[in-house]
Amino acid sequence: MSTTQTNHVPVIIIGGGIVGLCASLFLSNQGIHSLLVERHAGTSIHPRARSVNARTMEIFRSMGIAEAVREAGASMAPTRGIFSGPSLNSVLEKRPRRKEGPKSTSWVQSSGIGPENGLFVTQDMLEPAILKEAREKGGDVRFRTQCLDVEQDEEKVTVTIKDRETSDISTVTADYVVAADGANSPIRSQLGVSTTGCGKMGNLLNILFRADLTDLVKTREFSLCRIENPEVVGIFTSINNSDRWVFHLSYDPLKGEKPEHFSPDRCKELLRIALGLPEIEVEIISILPWEPSVQVATKLQHGRIFLAGDAAHQMPPYGGQGANSGISDAYDLTWKLSAVLKGYASSRLLETFDIERQPVGKTAADVSSALADELGLISIKRDWRTIKGFAKVMAYSSGYGYIYSNESPAVMVEDRWPLGGATWKAWSASSLLFSLDGRPGTRVPHVTVEKDGKEISTLDLVGNGFVLIAGSAGEPWITASENVRKSWSGLLLAGYCVGHINGAVIDKKRLWETAAGISSSGALLVRPDGYVAWRQRRAPVSIQNTLEDVLKHLLCFK
């Protein structure tokens, strides 16, 4: 064993699960070098999270990996539906087999809300795709490397790490640390971060097993199936719709039951009962005790250390909120870290991460917990509480169910009556369901436009910096944005005029101005994470001075 001092890196990421890997990828995409340390030998070997919502797919689209993610989840494309009964066999035998091919489980794309649909893909299939892209873009990802200690002062963070293969110990310094080290986060504990929430909601065994159910399930694929009979209570979760499955088995400590009482042989017996197939061959892959819980950190920023993902918020898996919320945490944080490290934003910008993301994590946890019962399993009751829970999860499950408020300096919320009268809105699914109508604090509206002879989404105009998307008479905005960019060292700012006939971006159907809530001379200023930072419905007297003042506010220099 030896102890060494290594070089300084801008950002250290602790934890190599899905959120940590995404943080590495996002930083590399921004041109920021990072070091990720993960104590396990590689990516997850357990399915864990299965749902990637439409907003997360938009993020993956911006990284160029949307197609790779679709391929990783191909076997789960037919998955849909939540059912219940005394056994899986009895439930599926009552269901008619589909005659048509699988339909998309998401209506986001067809309704015009966004360019991507959500999909099912298990974490063990998703993480390798993210890891591959992160490394190809220069991310330093080290498995079998454990974080032993973290210390910070006003200028840096010092992290002590151990190579679990050689036992060598080294220290690394960084400007900032992203703690994505899971639900039992050692960093959160070390920082003494308080949490809120109802805590533990049940006691479950996560049983990953192999059994060939192809003939039973084919053309009757399901997402979840709750099983209740005198001997077994739990939920089946589809993994590949053929021979790999997960069963969440409920057990009761008040009856003296403990995880160690459930040997592989006993689990096989219980699985056959739950399946309703007493003769089927079952192979146990793993048995992991877990406790669904609701626990949200009250503060996500602690000096130069930031909590993200499960380290920041834990919630039941129902509604697919956990991983998706964590990925959005990383997307929000990494563009801000990049802006500060590149010098075109004040370090005060980083305070907006907590302001924006902590309430989102709390609401996501509340929505997920509303779908769970007292055992921590998804509720199949038809009471008002459950109905409200499913209604709330509709918005959150797509990833659009929140608006960053005017408490964040990184958003300039406009007056309620900005033109001296009622605010007009686009009559579309985007505006009616999610308020994606160009208002600051929401994801930029999706409109199909043409650029360089190809159809793209307006979301595809967003890059690593800010982007100004103006109306058809918005050429003065483009000139102003170029002048501001040239005068502001390091500032990443692009500008596009969305014209009806001519221009770099063409809106043949003339939808953009209505969707964005601007006149032909107005513009939206969009952040690197695709959220509207500022809306100017009509051109001001001095576009350049106004734009410069707004950017100073958004980047926390004012």
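Just so you know, all these numbers are worked out from the coordinates, no wet-lab data involved. Everything quoted here is computed from the prediction, not taken from an experiment. Every residue, glycine as well, gets a Cβ built from its backbone with ideal geometry; the counts of neighbours run over all protein chains shown.
Direction-averaged projected area, Cα convex hull, the range 497-542: 3.7 nm², rounded to one decimal.
A value for mean projected area of the Cα convex hull in nm² was derived from the coordinates, and within the list [x] 32.7; [y] 27.6; [z] 24.9 it appears as [y]. Between the Cα long axis of helix 123-136 and the first principal axis of the chain there is an angle of about 40°, rounded to the nearest 10. The aspartates and glutamates within cross-link reach of Lys486, meaning a Cα-to-Cα straight distance under 19 Å and a gap of 8 or more places when in the same chain, are Glu475, Glu548, Asp549.
About its Cα centre, the dipole of the chain is roughly 1400 debye, where the only charges are +1 on Lys and Arg Cβ and -1 on Asp and Glu Cβ. The residues Glu221, Glu231, Glu513, when put in order of fewest to most other Cβ atoms within 10 Å, stand as Glu231, Glu221, Glu513.
Across the range 130-188, the relative contact order, built from alpha-carbon pairs under 8 Å that are at least six residues apart, equals 22 percent.
In this structure, Lys200 and His261 have a Cβ-Cβ separation that, at R0 = 30 Å, corresponds to a calculated FRET efficiency of about 0.95.
If you take the square roots of the eigenvalues of the alpha-carbon gyration tensor of the range 257-309 and sort them as a ≥ b ≥ c, do you get rounded (a/c under 1.5), prolate (a/b over b/c) or oblate?
prolate
Other residues within the sphere of radius under 13 Å centred on the Cβ of Asp124, judged by their own Cβ, net out at +2 (K and R +1, D and E -1). Cross-link list Lys299/Lys558; Lys451/Lys558; Lys137/Lys508; Lys362/Lys552; Lys156/Lys362; Lys200/Lys558: which exceed 32 angstrom alpha carbon to alpha carbon? Beyond 32 Å between Cα atoms: Lys451/Lys558; Lys137/Lys508; Lys200/Lys558. Spin-label model, Val541 to Glu67: label points 7 Å out along the Cα-to-beta-carbon direction sit 5.2 nm apart. Dipole of the chain computed with +1 at Lys/Arg Cβ and -1 at Asp/Glu Cβ about the Cα centre; of Gly517, Gly465, Pro278, farthest Cα towards the positive end is Gly517.
Short-range pairs are left out: with C-alpha atoms under 8 Å and at least six residues apart, the relative contact order of the range 429-554 is 29 percent.
Our summary of shape: the Cα atoms of the range 429-554 have principal axis extents of 37, 31, 28 Å, ordered from largest down, in whole angstrom. Between the listed residues Gly192, Ile130, Thr173, the Cα displaced farthest toward the positive end of the dipole of the chain, a dipole computed from Cβ unit charges relative to the Cα centre, is found at Ile130.
Between Lys508 and Asn483, the simple label model (points 7 Å from Cα in the Cβ direction) yields a spacing of 3.5 nm. Summing charges over all other residues whose Cβ lies under 14 Å from the Cβ of Pro278, with Lys and Arg as +1 and Asp and Glu as -1, gives -2. Principal-axis analysis of the Cα atoms of the chain puts helix 264-275 at an angle of about 80° to the longest axis. Helical content alone sets the calculated 222 nm signal of the chain at -8500 deg cm²/dmol, taking -39,500 (n - 2.57) per DSSP H segment of four or more residues and averaging over every residue. Here the extension length gained between Arg348 and Lys132 equals 74.5 nm, from 0.36 nm per residue of separation less the Cα-Cα distance.
How would you order 526-537, 15-26 from highest to lowest mean count of nearby Cβ atoms within 10 Å? Numbers along the way, then the final one.
Working: 526-537: 23.4, 15-26: 28.7.
Listed from highest to lowest mean packing, they are 15-26, 526-537.
Note on Glu475 and Thr298: their simple-model spin labels are 5.7 nm apart, each label 7 Å out from Cα toward Cβ. Annotation: peptides 250-259, 170-179, 269-278, ranked by per-residue average of other Cβ atoms within 10 Å with the highest first, follow the order 170-179, 269-278, 250-259.
Could you work out the local net charge near Gly20, counting Lys and Arg as +1, Asp and Glu as -1, over the other residues with Cβ closer than 9 Å to its Cβ?
Local net charge: -2.
If one takes the longest principal axis of the Cα atoms in the chain, at what angle in degrees, from 0 to 90 and to the nearest 10, does the Cα axis of helix 384-398 lie? Orientation of helix 384-398: about 50 degrees from the principal axis. Fewest-first ordering of Ser328, Ser408, Ser44 by other beta carbons within 10 Å of each residue's beta carbon gives Ser44, Ser408, Ser328. Excluding same-chain neighbours fewer than eight residues apart, the lysines reachable from Lys268 by a Cα-Cα span under 22 Å are Lys255, Lys258. Straight-line reach from Lys99: taking Cα to Cα under 14 Å and skipping same-chain neighbours fewer than 8 places apart, the aspartates and glutamates in range are Glu221.
Ranked for footprinting exposure by Cβ neighbours inside 10 Å, fewest first, His313, His500 give His500, His313. Relative contact order for the chain: 14 percent, from Cα pairs under 8 Å spaced at least 6 residues apart, divided by residue count.
Placing a label point 7 Å from the Cα of Thr214 along the Cα-to-Cβ direction, the residues of the range 230-272 whose backbone N falls under 11 Å from that point are 242-243.
Its Cα centre serving as origin, the range 429-554 has a Cβ charge dipole (Lys and Arg +1, Asp and Glu -1) of approximately 180 debye.
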